[in-house]
């Protein structure tokens, strides 16, 4: 909500005041996605996850199979927990799609939680089943448990952990798959790969630090064949051995992954306002994923350790480049900026990197305090993954797709996919002649 001090604006002319009020009113809730809106609902062991998306133009071909492909990728990865053996995620399209194509109205998805059959009483909406399972009173360090219990005044932490669980991200991946399909209509591709788990990381200089679109897609293809989604075979084997060690010790592991976006035209995002900057929007969306603690774009933190002359992407011109996404013959030989300058895409691949902390739930519990008795206890244990970095990378792809699709629609608009394509093609023709 916005509050305006009338006295403070009294010195302004009436017309200026009207402009101010119009601006303020229009910006209520502006931080939320402005062109592509989406919401998720549901608990980890509830009946189902529900997703709602508004803003996808009509005429986009989409099916449950398109969505389920990414849901399956999310469930994979060495070190996942027992829940993945129960669930076989499938997205049912409830609205917004007719005869295989979007119709412009809100899209609703449902993903059934198969494990709900084991929780029908414990997660029932009926008051008659209250107390049918013991309350969780031992918060886990590093989780939402304690802060959430205090904030929402719950003395059964299950009310917190059911929604704060990363199970919610299954629906984000489903919605992201629709955004990905939309972007693919414009040859925009999104992928990811793991570069580090624990202390084990890619050492091969021919594999790491790739910046060209072709090499990034090659890395993605290699990662898809790896159990830990790492494009380097030697590093993959070491990562799996480290995960085995964590399993044996009742511990968990985090890591680092990269997400890339190829095919973006120049000018998505804006330098005009803080909340329109593409890098800020991407960082926010990736940071919203459970257990993500850091995000960097391009060379990120490394830029802070080097001279300016070493990290700026010099601009060149070649007439043969005309018509390319980088602009009318303009191109760069390096990509330290990660494809974003001044809050806008610059035609180079967007590259970002994120760090995921180890899963808070430990088979060998950490110290905690019972929120009822206030006595020292071992933290509660919920069935969990040992390492979910490969899955987190897939989730980050979905969040990147949703964010970029929003920025793309902000730039090109269109109520139908054909209208969006006309607007896009007109812009590309303009940049070619710049």
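The values are calculated or read from the model by the stated rules, or taken from the named source; none is laboratory data. Every value quoted in this text rests on a predicted model; they were computed, and no experiment measured them. Note that we place each Cβ from the backbone using ideal geometry, even for glycine, and neighbour counts take in every protein chain shown.
The residue list 288, 252 contains one member that is touching a residue at least 24 places away in the same chain (Cβ under 8 Å) and touching a strand residue (DSSP E or B) at 6+ places or on another chain (Cβ under 8 Å), which is 252. With respect to residue 371, is the statement that it is more than 22 Å from residue 283 (Cα to Cα), modelled with pLDDT of 95 or more and either surrounded by fewer than 19 Cβ atoms within 10 Å (Cβ to Cβ) or in contact with a helix residue (DSSP H, G or I) (Cβ under 8 Å, 6 or more places away or on another chain) (or both) true? Against the criterion (more than 22 Å from residue 283 (Cα to Cα), modelled with pLDDT of 95 or more and either surrounded by fewer than 19 Cβ atoms within 10 Å (Cβ to Cβ) or in contact with a helix residue (DSSP H, G or I) (Cβ under 8 Å, 6 or more places away or on another chain) (or both)), residue 371 qualifies. The residue of region 115-131 that is nearest to residue 252 (Cα to Cα), among those that are in contact with a helix residue (DSSP H, G or I) (Cβ under 9 Å, 6 or more places away or on another chain) and buried (at least 17 other Cβ atoms within 10 Å of the Cβ), is 115. The set of residues from region 132-153 being surrounded by fewer than 16 Cβ atoms within 10 Å (Cβ to Cβ), in a loop (DSSP other than H, G, I, E, B) and modelled with pLDDT of 95 or more comprises 132, 133, 134, 135, 153.
One residue stands out among those in region 154-185 that are part of a loop (DSSP other than H, G, I, E, B) and more than 22 Å from residue 38 (Cα to Cα): the one that is nearest to the chain's Cα centre (by Cα), which is 157.
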